[in-house]
1. Is it the case that residue 325 is assigned to a helix (DSSP H, G or I), farther than 30 Å from residue 160 by Cβ, modelled with pLDDT under 95 and out of contact with any helix residue (DSSP H, G or I) (no Cβ under 9 Å at 6 or more places or on another chain)?
2. Considering only residues that are touching a helix residue (DSSP H, G or I) at 6+ places or on another chain (Cβ under 6 Å) and in a loop (DSSP other than H, G, I, E, B), which ones fall in segment 295-315?
3. Do we have any residue at all in segment 52-63 that's crowded, with 18+ Cβ neighbours inside 10 Å, over 19 Å from residue 13 (Cβ atoms) and modelled with pLDDT of 95 or more?
4. May I ask you to say which residue of 233, 260, 215 is away from ligand 1 (no atom under 13 Å from the Cβ), closer than 30 Å to residue 163 by Cα and not in a helix (DSSP H, G or I)?
5. From the residues in segment 111-127 that are out of contact with any helix residue (DSSP H, G or I) (no Cβ under 8 Å at 6 or more places or on another chain) and buried (at least 18 other Cβ atoms within 10 Å of the Cβ), which one is nearest to residue 168 (Cα to Cα)?
6. Find all pairs meeting these conditions: Cβ atoms under 6 angstrom apart; at least six residues apart or on different chains; first residue within segment 290-313 and surrounded by 15 or more Cβ atoms within 10 Å (Cβ to Cβ); second residue not in a helix (DSSP H, G or I).
Ligand code: NAD
Ligand code: DAU
């Protein structure tokens, strides 16, 4: 098996490559990554001497290079993307280029080289935003609402078009919010944990009641492994661990684990167009492929917080240069919102309330 992983130096891709080469050490894995601000080769240092791992620095927009690298590849797993919603609100150009045009370019190379499987990694954000009720599933109509979500939706449509039009053997997965080691500290969980280690406050958007459905990155990757090996060509699988939490609940859990109090929370201006709730119904992948999440949210958070405590060199290097410029642009201009005391108290004791 020769596998090409795009975006393998990012958060999920890193964890995926480590998982695959541990489980199938005889697979040849090529990591194709541009190394944007989010890509970090240090993540994969332990694989440098692995006989079946190789790295190619390349842009997915470079179809010529992709075509060359894809010779003899059996399976493409396409993670490469611009992935942060806030950055897409600030500047969407690169999201359209990488996520839409870039995916088109990977599809073209895959078609030309007759790959046996093209697996596209997508997100639940393509389905839009839920109210208090309901769950996203494979037949939920698309309703993306951020530039990031729209660019991922467009890429999903292209992938399916290559199946219907050209017979490219594709599968697609739409997964909920991942957490775990190596996540770039611009995303909620690593941002809050690393800020608190640095003695900084955590910026909670709006009223803190937006809901996300969290899955540990290892469970996501196990699902992708199953889809690649046993999933049906042309099919889509929704992945999620049925682990909904409000952002306030996540914040409280992190505060408690870090031994700090309410004074470290700063309610800030809301994200523009902030989707209220995401939640996945993962029954298809459970029933058809026998997938089920193994890591409970509490256990996963404990491990993740410990990982950021023990790997401060990793994120301190990352939280410099370009990151600081981004942080200033993103949070420097946000107004601190004063939240009524009674609302905070209610939220602490309530479950999910929309
Ligand atoms: P990430 O931002 O951590 O990593 C993205 C990787 O892609 C980086 O290594 C980056 O260098 C690379 N990349 C970006 N542009 C590139 C280009 N033009 N050419 C080649 N490489 C390029 O992202 P992530 O969180 O690991 O997400 C990976 C994939 O999973 C994305 O497609 C994302 O939409 C999807 N996804 C993420 C989540 C989540 O919670 N993080 C959930 C569902 C789906
Ligand atoms: O649902 C899957 C998606 O999850 C992926 O497709 C995206 O790539 C990934 O980034 C993630 O998107 P979110 O926007 O849900 O994740 P983020 O970590 O940015 O935010 C999670 C929630 O926390 C969201 O409701 C916004 C809120 N938040 C986030 C940040 C960065 C805050 O309150 N404060 C913050 O500073």
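1. yes
2. Passing the criteria: only 295.
3. No, because not a single residue in segment 52-63 is crowded, with 18+ Cβ neighbours inside 10 Å, over 19 Å from residue 13 (Cβ atoms) and modelled with pLDDT of 95 or more.
4. Details: 260 fails: closer than 30 Å to residue 163 by Cα; 215 fails: away from ligand 1 (no atom under 13 Å from the Cβ).
233 is the lone residue from the list that is away from ligand 1 (no atom under 13 Å from the Cβ), closer than 30 Å to residue 163 by Cα and not in a helix (DSSP H, G or I).
5. As a first pass, look at segment 111-127 and keep what is out of contact with any helix residue (DSSP H, G or I) (no Cβ under 8 Å at 6 or more places or on another chain): 114-116, 124, 127.
With the extra rule that they be buried (at least 18 other Cβ atoms within 10 Å of the Cβ), the set shrinks to 115, 124, 127.
Values: 115: 8, 124: 23, 127: 24 Å.
Here the answer is 115.
6. Matching pairs, first to second residue: 293/241; 295/216; 297/214; 297/243; 300/216; 304/179; 304/180; 307/181.
The values are calculated or read from the model by the stated rules, or taken from the named source; none is laboratory data. This one's a predicted model, so the numbers in the text were calculated from it and none came from an experiment. Virtual Cβ from ideal backbone geometry, glycine too; neighbours counted across all protein chains shown.
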